[in-house]
2 protein chains.
Amino acid sequence: MIPSGLLPTGFRDRLPPHADAAAAAVGRMLEAAFAHGYERVSPALAEFADGLAGRLKAARAQDLMRMTDPASQRTLALRPDLTAQVGRIAATRMAHHPRPLRLSYAGQVVKLRASQLRPERELLQVGCELVGLDSVAAAREVVAVAIEALEAAGVRGLTIDFTLPDLVDTLAAGPLPLAEDEVEAVRARLDAKDAGGLDGAGAAYLPLIEAAGPFAAAVERLRAFDSAAVLASRLDGLEAIAASIGGRATLTLDPTERHGFEYQSWLGFSIFADGVAGEIGRGGSYMIVRDSGEEPAVGFSLYIDPLVDAGLAAAPRRRLFVPLGADARVAERLRAEGWVTVCGLTPEDSAERQICTHVLVGDRPQPL
Amino acid sequence: MIPSGLLPTGFRDRLPPHADAAAAAVGRMLEAAFAHGYERVSPALAEFADGLAGRLKAARAQDLMRMTDPASQRTLALRPDLTAQVGRIAATRMAHHPRPLRLSYAGQVVKLRASQLRPERELLQVGCELVGLDSVAAAREVVAVAIEALEAAGVRGLTIDFTLPDLVDTLAAGPLPLAEDEVEAVRARLDAKDAGGLDGAGAAYLPLIEAAGPFAAAVERLRAFDSAAVLASRLDGLEAIAASIGGRATLTLDPTERHGFEYQSWLGFSIFADGVAGEIGRGGSYMIVRDSGEEPAVGFSLYIDPLVDAGLAAAPRRRLFVPLGADARVAERLRAEGWVTVCGLTPEDSAERQICTHVLVGDRPQPL
């Protein structure tokens with residue numbers, strides 16, 4: 001017999017006031033995105049597992065929560081991520097919509113397994129995707145919308161950590177040649193900041209480890225390192241994005257960070273906020289697979305749970321108790337003025353029991 | 001090979017502008033409920049299947065979409081309904097919270113099977129539960145909040161169809177005795193309006209079929225039928241609720257309707273809206289099972305999908321195209337004034353391509 005309140009690992013209920021705080025944060029984020037022309041899509045919660053897996057990298061396809069569907073006699077999976085679904089919608093039902101296409105979304109995603117880093121298996125994901133472009137102008141807009149969405153939700157002290165996901169490929173194809181079987185090893189060692197492991201042809205990549213850090217200094221070191229100027233357009237792009245952000249976020253650059261950016265093309269970024277453990281969002285440029293070829297896109301995802309857990313938007317509640325028998329029209333008028341009214345339904349009910357801050361006396365709220 | 005855009009039966013993606021319309025409707029409904037003191041809970045998307053099934057009537061327990069959880073090696077199920085989860089939260093984690101407890105919720109629910117009447121298997125459910133009371137005053141508040149929530153979302157032309165779920169039990173225990181094995185048969189025949197099938201002791205129940213219809217006349221016929229006055233308190237309660245609704249909804253009474261009200265106690269109601277096929281919501285009084293005994297509650301659920309499908313809140317979009325190179329500060333100021341700005345990111349981009357209604361000329365929006 002299971003205690004009736006017990007939930008599976010990684011699942012949880014949100015109670016007041018946290019559930020309202022999460023909903024309010026989502027609402028404000030998508031409102032900010034809407035003001036930039038991003039319109040919402042609500043993808044299905046479950047899909048055919050093989051279709052969904054086909055649009056994910058192998059590592060993430062293994063992370064699907066699967067179930068057998070008696071209606072179709074096929075295996076379905078819960079979405080582990082909304083970005084891939086938005087890509088599917090852009091590539092199919094909205095294929096003929098003019099580009100760039102601006103879409104936003106919010107919804108629950110479910111992972112098969114919890115990790116130590118992220119114990120939740122059900123997460124609330126919010127984001128925007130700009131489909132049809134992955135230019136600097138497109139990335140600049142997407143980063144700006146991410147910042148505005150977070151600011152609108154009351155998140156302060158943002159740090160954006162940029163990365164260049166295809167850096168090693170670019171250098172290996174140019175001035176710092178690597179054998180095909182060396183590329184992956186060099187990538188892994190750079191990602192692990194494992195300077196000692198970079199030997200042979202990989203040793204030439206050593207300065208990249210030193211290039212991580214505060215944005216301006218890191219770009220300067222990368223420019224010095226990039227004597228062949230194969231990275232110049234990327235660095236120009238990064239600097240243009242950074243300039244448009246101005247002082248709204250602290251910027252860092254970790255050019256060889258690749259964890260979770262395996263499917264990104266020239267640009268990736270992670271978002272952090274003061275007082276919140278771990279990253280609160282990420283984004284970058286990538287390619288959407290279509291029937292004929294690929295289409296560039298750039299977007300971001302934000303995770304609401306760590307923000308709410310850190311106390312986001314726990315606004316003070318102002319609740320007005322309306323004793324049993326009070327004039328309902330007075331309560332109605334006060335609600336129209338923005339009050340939350342809690343009506344007594346029994347003679348025993350009281351402002352204290354209903355955890356109210358005010359009580360209606362005559363036709364006026366009085367603080368308790 | 002599955003075409004990549006195909007979804008399992010009963011699942012679908014919502015596209016612009018319908019996804020925004022659905023989110024806006026949910027937001028307005030819960031804002032209206034919040035003004036009455038209803039605070040949000042967000043129950044987990046999945047639970048242990050046996051725990052979830054234990055809180056549902058047998059018929060609904062069979063409607064669970066199940067999956068095996070590798071983490072716990074147990075069977076989970078997606079929630080088919082949020083009311084039972086809110087009851088669980090009220091009975092466990094919020095057991096010691098003062099009563100009455102006012103909770104609201106919104107989220108997706110998933111059914112195992114589609115029906116002809118309801119082809120969707122993934123539905124967006126919104127609702128409120130008032131836990132700790134099922135008095136007339138409690139029911140009156142809940143019905144009023146349901147109406148306000150629907151009005152806030154722009155739903156017009158409401159009809160509320162009341163029913164008395166325990167009517168036959170009450171009469172059978174009093175003036176119109178039935179053998180235990182007759183009760184179910186009489187209930188089923190009344191529900192089917194099968195007058196010919198009501199024979200023997202059941203024949204005395206025949207007038208109840210005639211009592212369905214417009215509210216005032218139906219109550220009058222029921223009072224005439226109820227010579228022993230065992231229904232008097234219920235009918236007084238219904239009339240008090242009806243009086244508080246005033247002209248905000250058309251009221252009907254179908255005292256023997258029971259489809260879907262199997263778990264309700266003295267009061268049930270269905271909500272309909274002009275121009276929307278089928279019911280858009282339902283509610284009533286019921287009992288929540290707790291470790292020690294039961295606790296009364298009254299609540300309602302609304303279904304957003306039929307409302308959005310019927311064209312709810314498809315507000316006209318006003319989008320302002322901001323050509324490439326325009327002053328970003330002008331666009332920012334216009335967003336602060338409520339404009340949706342869509343920035344050109346390439347020289348080829350245009351107001352027409354971006355389906356805009358206005359274009360920025362100098363620092364002023366001009367209609368197209």
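The values are calculated or read from the model by the stated rules, or taken from the named source; none is laboratory data. A quick note: this is a predicted structure, and the numbers were derived from the prediction, not measured. Every residue, glycine among them, receives a Cβ derived from its backbone with ideal geometry; neighbour counts consider all protein chains shown. The protein model used for the area step is the full one, side chains on, heavy atoms only, and it has no ligands, DNA or RNA in it. Shrake-Rupley method; radii C 1.70, N 1.55, O 1.52, S 1.80 Å.
Out of A:A331, A:A297, I need the residue that is within 30 Å of A:S135 (Cβ to Cβ), within 13 Å of chain B (Cβ to nearest Cβ) and modelled with pLDDT of 95 or more. Which one?
A:A297
Evaluate the following for B:V183: is it more than 17 Å from B:G268 (Cα to Cα) and in a loop (DSSP other than H, G, I, E, B)?
Against the criterion (more than 17 Å from B:G268 (Cα to Cα) and in a loop (DSSP other than H, G, I, E, B)), B:V183 does not qualify.
Among the helices (runs of 4 or more DSSP H) lying completely within region A:192-303, list those that include at least 2 residues that are open to solvent by 40 Å² or more (accessible area, probe 1.4 Å) and hydrophobic (A, V, I, L, M, F, W, C).
A:215-225
Restricting to region B:103-112, give me the number of residues that are modelled with pLDDT of 95 or more and at the interface with chain A (Cβ under 7 Å from one of its Cβ atoms).
2
Just one of the numbered conditions (1) assigned to a loop (DSSP other than H, G, I, E, B); (2) more than 7 Å from every other protein chain (Cβ to nearest Cβ); (3) not hydrophobic (A, V, I, L, M, F, W, C) is not true of B:P98; which one?
(2)
From the list A:P43, A:P8, which one is open to solvent by less than 10 Å² (accessible area, probe 1.4 Å), touching a residue at least 24 places away in the same chain (Cβ under 8 Å) and touching a helix residue (DSSP H, G or I) at 6+ places or on another chain (Cβ under 7 Å)?
Step by step, each of A:P43, A:P8 is checked, and only A:P43 is open to solvent by less than 10 Å² (accessible area, probe 1.4 Å), touching a residue at least 24 places away in the same chain (Cβ under 8 Å) and touching a helix residue (DSSP H, G or I) at 6+ places or on another chain (Cβ under 7 Å).
Within region A:12-29, track down each residue that is facing chain B (nearest Cβ under 7 Å) and touching a residue at least 60 places away in the same chain (Cβ under 8 Å).
A:R12, A:R14, A:P17, A:A22
Could you list, in sequence order, all residues of region B:41-74 that are in contact with a Pro (Cβ under 9 Å, 6 or more places away or on another chain), outside any helix (DSSP H, G or I) and more than 10 Å from chain A (Cβ to nearest Cβ)?
Within region B:41-74, B:L56, B:D63, B:L64 qualify.
Is it true that B:F34 is facing chain A (nearest Cβ under 7 Å), touching a residue at least 12 places away in the same chain (Cβ under 8 Å) and out of contact with any Pro (no Cβ under 7 Å at 6 or more places or on another chain)?
In short, yes.
Taking the stated definitions as given, is B:L150 modelled with pLDDT under 95 and either of a type in the set (A, V, I, L, M) or within 22 Å of B:S233 (Cα to Cα) (or both)?
no
Rundown of residues vs (1) at pLDDT 95 or above; (2) surrounded by fewer than 21 Cβ atoms within 10 Å (Cβ to Cβ); (3) in contact with a strand residue (DSSP E or B) (Cβ under 7 Å, 6 or more places away or on another chain), yes/no style:
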site: B:A22; (1), (2), (3): yes, no, yes
site: B:G27; (1), (2), (3): yes, yes, no
site: B:Y38; (1), (2), (3): yes, no, yes
site: B:A61; (1), (2), (3): no, yes, no
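Sort through B:A33, B:A84, B:A77 and tell me the only one that's at pLDDT 95 or above, under 17 Å from A:D13 (Cβ atoms), not in a loop (DSSP other than H, G, I, E, B) and not acidic (D, E).
Residue meeting the stated conditions: B:A77.
Listed residues A:A185, A:A203, A:A173, A:A137; which is in the same structural domain as A:G311 (by TED's automatic domain parsing), without any contact (Cβ under 8 Å) to a residue 24 or more places away in the chain, over 30 Å from A:L312 (Cα atoms) and not hydroxyl-bearing (S, T, Y)?
Result: A:A137 is the single residue among A:A185, A:A203, A:A173, A:A137 that is in the same structural domain as A:G311 (by TED's automatic domain parsing), without any contact (Cβ under 8 Å) to a residue 24 or more places away in the chain, over 30 Å from A:L312 (Cα atoms) and not hydroxyl-bearing (S, T, Y).
If I ask for residues that are closer than 13 Å to B:V110 by Cα and among the basic types (K, R), which ones from region B:40-85 would you list?
B:R60, B:R66, B:R79
Mind counting the residues in region B:164-189 that are of a type outside the set (D, E) and within 25 Å of the chain's Cα centre (by Cα)?
Residues in region B:164-189 being of a type outside the set (D, E) and within 25 Å of the chain's Cα centre (by Cα): 5 in total.
Which members of region B:123-140 meet the condition of being open to solvent by 20 Å² or more (accessible area, probe 1.4 Å) and either charged (D, E, K, R) or in a strand (DSSP E or B) (or both)?
Within region B:123-140, B:L124, B:D134, B:R140 meet the criteria.
Being assigned to a loop (DSSP other than H, G, I, E, B) and either more than 19 Å from B:E47 (Cα to Cα) or more than 9 Å from chain B (Cβ to nearest Cβ) (or both): is that true of A:S115 here?
Answer is yes for this residue.
Is it the case that some residue within region A:98-110 is open to solvent by 10 Å² or more (accessible area, probe 1.4 Å) and out of contact with any strand residue (DSSP E or B) (no Cβ under 9 Å at 6 or more places or on another chain)?
Yes: region A:98-110 contains one or more residues that are open to solvent by 10 Å² or more (accessible area, probe 1.4 Å) and out of contact with any strand residue (DSSP E or B) (no Cβ under 9 Å at 6 or more places or on another chain).
Return the residues of region A:340-368 that are more than 39 Å from the chain's Cα centre (by Cα), more than 8 Å from every other protein chain (Cβ to nearest Cβ) and part of a loop (DSSP other than H, G, I, E, B); say none if nothing qualifies.
Within region A:340-368, A:G344, A:P347, A:E348, A:S350, A:A351, A:E352, A:G362, A:D363, A:L368 meet the criteria.
In contact (Cβ under 8 Å) with a residue 40 or more places away in the chain and either over 30 Å from B:D63 (Cα atoms) or within 29 Å of the chain's Cα centre (by Cα) (or both): does that describe B:L251?
yes
Just to be sure, is A:L178 part of a loop (DSSP other than H, G, I, E, B) and not hydroxyl-bearing (S, T, Y)?
It is true that A:L178 is part of a loop (DSSP other than H, G, I, E, B) and not hydroxyl-bearing (S, T, Y).
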